[in-house]
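To start, the structure under review is shown below, and the notes come after it.
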Amino acid sequence: MVEETHFGFSRVPLQEKQRRVDEVFYKAAPRYDLMNDLMSGGLHRVWKDIFVSKVKPAKTTRFRHIDVAGGTGDVAFRVAKAGSHLTEVVVADINAAMLAEGRRRAAEKRFEASLNFAEANAEELPFRDNSFDAYTIAFGIRNVPRIGKALSEAYRVLRRGGRFLCLEFSDVNVPILDRLYEAYSFHLIPLLGRFVAGDEKPYRYLVESITRFPDAESFSGKIGAAGFARASFTRLSGGIVAIHSGWKV
Ligand SMILES: C[S@@+](CC[C@H](N)C(=O)[O-])C[C@H]1O[C@@H](n2cnc3c(N)ncnc32)[C@H](O)[C@@H]1O
């Protein structure tokens, strides 16, 4: 039997999901950063600042960080800024168009830390076991067809004592805000996609994929099931997003 998963509200064979996700981000790449600002009213910057404040790169010893599904580099740039000349940040993403935007933006910045880009699938990272001090993934995991496999890979590449951090859309649990958020997501975001990015389809997928993603408790359970200790989460902005954490011990 063909294994299936969700692509937004549709059911698709597992193999098909990645192809469709790639198509979404090839189309979205040139306007990705602008659309993020417009759709979140700039809030994604605050969420990413809070998220990266948890990474705390060591300043006096070597610190190797991987940002998976790193796209245009927002999280990686923040980690690089917080680090030192002993910090190495790898941006790994499956999509060459998103990485090209990331490289272009990186060329305009200066960091003491070194920054490297790698075209790689979160489900099969081309890195050695126990080779990173910290792993981040922001707004990426819900796009990956086999989430369990990506979590196992995160566990494999982290060293003992290393931290897994994930920033992802979550379940809004504040009355009234949940209704407003739903109306905004299903009506305004696709319209913004149509008028600003010239295509509403990628933005319909975005909204549907957020709705389909597990609630914070269930996702935290998956992190624990992948082997991480002390799996925990913090909701931000009434649960619009959550930061998940786990440790490899
Ligand atoms: C919504 S963007 C997030 C980009 C960035 N982390 C940010 O927060 O701005 C999702 C990213 O996940 C990437 N992606 C999707 N499937 C992936 C996979 N299997 N492995 C690695 N990256 C993947 C996409 O190419 C895209 O760049």
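Every number in this text was worked out from the coordinates using simple rules, so none of it is lab data. A quick note: this is a predicted structure, and the numbers were derived from the prediction, not measured. In this analysis, Cβ positions are derived from the backbone assuming ideal geometry, glycine residues included, and neighbour counts consider all displayed protein chains.
Hey, can you tell me all the residues within the stretch 113-145 that are among the acidic types (Asp, Glu) and closer than 17 Å to residue 74 by Cα?
119 - this is the single residue of the stretch 113-145 that is among the acidic types (Asp, Glu) and closer than 17 Å to residue 74 by Cα.
Can you work out which of the residues in the stretch 8-21 that are touching a helix residue (DSSP H, G or I) at 6+ places or on another chain (Cβ under 6 Å) and more than 17 Å from residue 94 (Cα to Cα) is surrounded by the fewest Cβ atoms within 10 Å (Cβ to Cβ)?
9
Need the failing condition index for residue 99 against (1) more than 10 Å from the ligand (Cβ to nearest atom); (2) assigned to a helix (DSSP H, G or I), just the number.
For residue 99, the failing item is (1).
Give the residues of the stretch 80-89 that are surrounded by 24 or more Cβ atoms within 10 Å (Cβ to Cβ) and either within 6 Å of the ligand (Cβ to nearest atom) or in a helix (DSSP H, G or I) (or both), sorted by residue number.
80
Would the stretch 44-51 turn up any residue that is crowded, with 17+ Cβ neighbours inside 10 Å, on the phi < 0 side of the Ramachandran plot and of a type in the set (Lys, Arg)? Spell out how you get there, then give the answer.
Restricting attention to the stretch 44-51, the residues satisfying the condition of being crowded, with 17+ Cβ neighbours inside 10 Å are 44, 47-48, 51.
Now narrow it down to the ones that are on the phi < 0 side of the Ramachandran plot: 44, 47-48, 51.
Going one step further and asking which of them are of a type in the set (Lys, Arg), we end up with 48.
Scanning the stretch 44-51 turns up at least one residue that is crowded, with 17+ Cβ neighbours inside 10 Å, on the phi < 0 side of the Ramachandran plot and of a type in the set (Lys, Arg).
Only one of (1) surrounded by fewer than 21 Cβ atoms within 10 Å (Cβ to Cβ); (2) in a helix (DSSP H, G or I); (3) in contact with a Leu (Cβ under 8 Å, 6 or more places away or on another chain) fails for residue 104. Which number is that?
For residue 104, the exception is condition (3).
Pick from 4, 16: which is touching a Phe, Trp or Tyr at 6+ places or on another chain (Cβ under 8 Å) and more than 20 Å from residue 71 (Cβ to Cβ)?
Criteria check complete, one pass: 16.
Filter the stretch 154-197 down to residues that are surrounded by fewer than 13 Cβ atoms within 10 Å (Cβ to Cβ) and within 22 Å of residue 65 (Cα to Cα), then give me how many there are.
So the count comes out to 2.
Consider the stretch 120-135. How many of its residues are more than 8 Å from the ligand (Cβ to nearest atom) and either within 21 Å of residue 63 (Cα to Cα) or small (Gly, Ala, Ser) (or both)? Working first, answer last.
Our first condition is that a residue be more than 8 Å from the ligand (Cβ to nearest atom); within the stretch 120-135, this holds for 124-135.
Right, trim to either within 21 Å of residue 63 (Cα to Cα) or small (Gly, Ala, Ser) (or both) and you get 125-135.
Result for the stretch 120-135: 11.
If you scan the stretch 220-233, which residues turn out to be buried (at least 19 other Cβ atoms within 10 Å of the Cβ), in contact with a helix residue (DSSP H, G or I) (Cβ under 9 Å, 6 or more places away or on another chain) and part of a helix (DSSP H, G or I)?
The answer is 223, and nothing else.
What is the one condition in (1) part of a loop (DSSP other than H, G, I, E, B); (2) without any contact (Cβ under 8 Å) to a residue 40 or more places away in the chain that residue 92 does not satisfy?
Of everything listed in (1) part of a loop (DSSP other than H, G, I, E, B); (2) without any contact (Cβ under 8 Å) to a residue 40 or more places away in the chain, residue 92 misses just condition (1).
Looking only at the stretch 235-244, decide whether some residue is outside any helix (DSSP H, G or I) and within 23 Å of residue 129 (Cα to Cα).
Yes: the stretch 235-244 contains one or more residues that are outside any helix (DSSP H, G or I) and within 23 Å of residue 129 (Cα to Cα).
Six or more apart or on different chains, Cβ under 6 Å: which pairs go from a residue in the stretch 20-47 that's among the aromatic types (Phe, Trp, Tyr) to one that's away from the ligand (no atom under 11 Å from the Cβ)? Could you list them?
Cβ pairs passing all conditions: 47/236.
Scan (1) over 20 Å from residue 245 (Cβ atoms); (2) within 12 Å of the ligand (Cβ to nearest atom); (3) buried (at least 20 other Cβ atoms within 10 Å of the Cβ) for the single condition residue 115 breaks and write down its number.
(2)
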